[in-house]
Structure formats: C-alpha cells, structure tokens
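Everything on this sheet refers to the single structure shown next.
The values are calculated or read from the model by the stated rules, or taken from the named source; none is laboratory data. Computed from a prediction, not measured in an experiment: that's the story for all the values here. Ideal geometry is used to build each Cβ from the backbone, glycine not excepted, and the neighbour counts take in all protein chains shown.
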Amino acid sequence: MTDTQLYLISPLDVTGDFPQRLERALVAGKGLVTAFQFRVKGVDSHEAAALAEPLQAICAAHDVAFIVNDSVSLAKRLKADGVHLGQDDGSPRDAREELGREGQIGVTCHASRHMAMDAGEAGADYVAFGAFYPSTTKDKGPDAEVPDLELLQWWTQIFEIPCVAIGGITPDNCAPLIAAGADFLAVSGAVWAGDEVAAIEAFAKVMQR
C-alpha cells in the first residue's frame with residue numbers, strides 16, 4: 001500500500017452544486033484526500049471569499065487542508081490552512097510572515113531542481129512538479145519543460161520536504177508517479193469532469209494496492 005495521497009484542485013467554477021460534489025468526493029476519499037486547493041480566476045476578493053466559505057467549512061469538517069491558490073492576502077483573510085504560490089506569486093518567506101508558522105506554503109517548481117531547492121531553502125512546506133501529462137488546469141507555455149520521473153526520485157531521496165506531482169493525472173496514468181515517490185497527486189479534471197465519487201474510487205484502487 002502506498003503512502004501517496006490525493007490533493008484535489010477545484011475547477012474554476014465552484015458555484016451551483018459544487019459544494020455538494022466536494023462533500024461527496026471527500027466522503028469517498030476519506031483517508032486518501034488530505035488537501036483541497038481553492039482555485040478561481042477573475043473574481044474580486046469579496047466574491048472569492050464568499051465562494052470559498054462553504055468549501056472551507058466542508059474541508060474543515062473532513063479534516064482536509066484548505067489551500068488558497070496564488071493569493072496570500074485571500075488565504076490570510078480566510079484564515080486558510082495555507083497558500084499555493086506560482087513562480088510569480090511572491091516568496092515563501094513573505095508568505096510565512098503573513099500566514100505565520102502554521103500556514104502551509106506550497107510552491108510550483110515546474111521541472112526545475114533549482115526552483116525546488118530555492119523554495120525549500122525559503123521555507124516551503126511542499127514543492128509541486130509538473131505538468132507531467134497534458135493539462136488544461138495548470139497553465140504552461142508551449143516550450144515548458146516536462147518533468148520526468150527521475151525528478152521525483154531525486155527529490156524524495158535527498159529532501160524531506162514533500163513533493164506534489166501535478167498535471168493531467170488520472171487513475172490510468174498515476175501509477176508511475178506513485179512508484180517514483182510522489183507524496184501527493186494533485187488532480188482536478190480527472191475528478192470534476194465526470195462522476196467525482198467514481199473517480200476517487202478509481203484512484204483509490206490504484207493508490208491502495
């Protein structure tokens with residue numbers, strides 16, 4: 001049985017019945033889903049906070065970390081469990097000053113060992129590598145380097161900071177990432193594009209072998 005866990009990323013639209021869908025996913029993924037990233041675009045901070053509130057409560061009820069994408073200020077306003085930073089979203093050191101010792105800070109490192117080491121030295125709680133597979137969730141330029149499995153193996157052998165594999169991950173293609181040592185699989189489309197319960201159960205079959 002693997003120690004790898006699921007890190008859910010929200011779709012951009014979290015209105016309508018999405019809170020109910022999140023609830024179902026977390027019930028189905030009890031013990032497997034340990035984090036949820038709130039990722040919306042193009043809304044102001046007031047609307048974002050209103051959208052986040054019911055989702056944050058659901059995560060709290062299921063003991064799942066509620067992580068805000070990109071915005072340290074929103075994470076602080078919500079008293080979220082943490083923030084996930086892209087390379088242009090500020091430094092982990094600054095985020096730590098804003099969120100305090102308990103805040104979980106993750107950093108996108110693409111396929112770069114250098115970025116990951118810098119993030120670790122700056123106090124990141126986890127680093128994220130990807131996109132490993134074609135993804136519509138995580139933006140990357142046409143010339144972006146695709147990480148290989150050796151990157152995960154190298155990181156987990158040398159560093160204690162957890163690593164997250166991200167980008168186009170499905171139940172059908174996740175096994176090599178687990179074998180390479182990914183601590184978390186960040187998934188979005190594979191769960192929310194269809195039946196979220198069936199998707200979580202499909203991941204569980206692979207991850208709990």
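Here are some notes:
- Number of residues in region 12-41 that are within 18 Å of residue 108 (Cα to Cα) and not hydrophobic (A, V, I, L, M, F, W, C) equals 3.
- Checking each residue of region 99-106 against the condition of being under 18 Å from residue 166 (Cβ atoms) and touching a residue at least 24 places away in the same chain (Cβ under 8 Å) gives at least one match.
- Scanning region 170-209 for residues that are of a type in the set (A, V, I, L, M, F, W, C), within 16 Å of residue 35 (Cα to Cα) and part of a loop (DSSP other than H, G, I, E, B) turns up just one, 182.
Table: residues versus (1) surrounded by 17 or more Cβ atoms within 10 Å (Cβ to Cβ); (2) at pLDDT 95 or above; (3) out of contact with any Gly (no Cβ under 9 Å at 6 or more places or on another chain).
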site: 113; (1), (2), (3): no, yes, yes
site: 144; (1), (2), (3): no, no, yes
site: 147; (1), (2), (3): yes, yes, no
site: 152; (1), (2), (3): yes, yes, no
site: 169; (1), (2), (3): yes, yes, no
site: 175; (1), (2), (3): no, yes, yes
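- Any hit, region 94-110, residues being assigned to a loop (DSSP other than H, G, I, E, B), surrounded by fewer than 17 Cβ atoms within 10 Å (Cβ to Cβ) and at negative phi: yes
- Extreme residue, modelled with the lowest pLDDT, among residues of region 126-142 that are under 20 Å from residue 190 (Cα atoms) and among the hydroxyl-bearing types (Ser, Thr, Tyr): 137
- One residue alone among 75, 80 is modelled with pLDDT of 95 or more, in a loop (DSSP other than H, G, I, E, B), touching a Gly at 6+ places or on another chain (Cβ under 9 Å) and under 18 Å from residue 106 (Cβ atoms), and that residue is 80.
- Residue 22 meets all of the listed conditions (1) surrounded by fewer than 16 Cβ atoms within 10 Å (Cβ to Cβ); (2) modelled with pLDDT of 95 or more; (3) not β-branched (Val, Ile, Thr) but one, namely (1).
- When 91, 112, 135 are checked against the criterion of being among the hydroxyl-bearing types (Ser, Thr, Tyr) and over 23 Å from residue 168 (Cα atoms), 91 stands alone in meeting it.
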